[in-house]
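Contents: one structure, followed by commentary.
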Amino acid sequence: MRSARVGVSDGVKAASAPIGAPHWPCLSLHGDAVWLAVSVQPNAKRTTADGLHDGALRVRLAAPPVDGKANQSLVEWLAGELGLPKRAVRLVRGETARRKWLQIDAPPERVAAWLATRVGVTAGTSPTPSPPAR
């Protein structure tokens with residue numbers, strides 16, 4: 001099967017996906033592991049994905065950024081969204097930053113399909129970034 005680039009960010013090697021899959025700048029492969037770049041906004045009314053922002057999936061979290069509660073909430077929410085056990089999603093970078101990298105133990109196609117449903121993109125098209133916040 002032919003492959004296409006899924007995304008490159010911060011010098012990270014791009015993931016491969018079947019031709020026709022969307023280009024996701026927030027998704028990359030590190031060896032066999034899938035990494036997802038996330039831009040977090042804590043203290044939101046509810047937890048939800050809110051499009052792409054600066055090469056990362058923007059996630060609004062209904063948890064405060066205190067004592068790791070936002071990180072724990074992010075991992076639990078993403079695992080639930082992907083239908084994975086919590087141990088399949090790990091924070092690998094950005095413990096105290098808004099920009100985080102999560103390692104996901106799932107096939108990249110599964111994560112890309114989930115992104116397409118959350119960001120509202122159909123397969124074979126490029127996702128468009130969300131407009132800047134005002």
Express in Å², to the nearest 10, the accessible area of E81 obtained by rolling a 1.4 Å probe over the protein heavy atoms while all chains stay in place.
70 Å²
Cα gyration tensor category, rounded, prolate or oblate, for region 57-123 with a/c compared to 1.5
prolate
Show me, for region 31-36, the HN-Hα J-couplings you get by feeding each phi into the Karplus relation (A = 6.51, B = -1.76, C = 1.60, θ = phi - 60°), rounded to Hz, glycine and proline as x.
x, 9, 8, 8, 10, 10
A106 versus R60, label points 7 Å from Cα toward the beta carbon: distance in nm?
2.2 nm
So what's the net charge close to K100: Lys and Arg +1, Asp and Glu -1, counting the other residues with Cβ under 12 Å from its Cβ?
+4
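The values are calculated or read from the model by the stated rules, or taken from the named source; none is laboratory data. The structure presented is a predicted model; accordingly, all values stated were derived computationally and were not measured. Neighbour counts are summed over all protein chains in view; Cβ atoms, including those assigned to glycine, are modelled from backbone coordinates with ideal geometry. Only protein heavy atoms, including side chains, enter the accessible area calculation; ligands, DNA and RNA are left aside. Shrake-Rupley method; radii C 1.70, N 1.55, O 1.52, S 1.80 Å.
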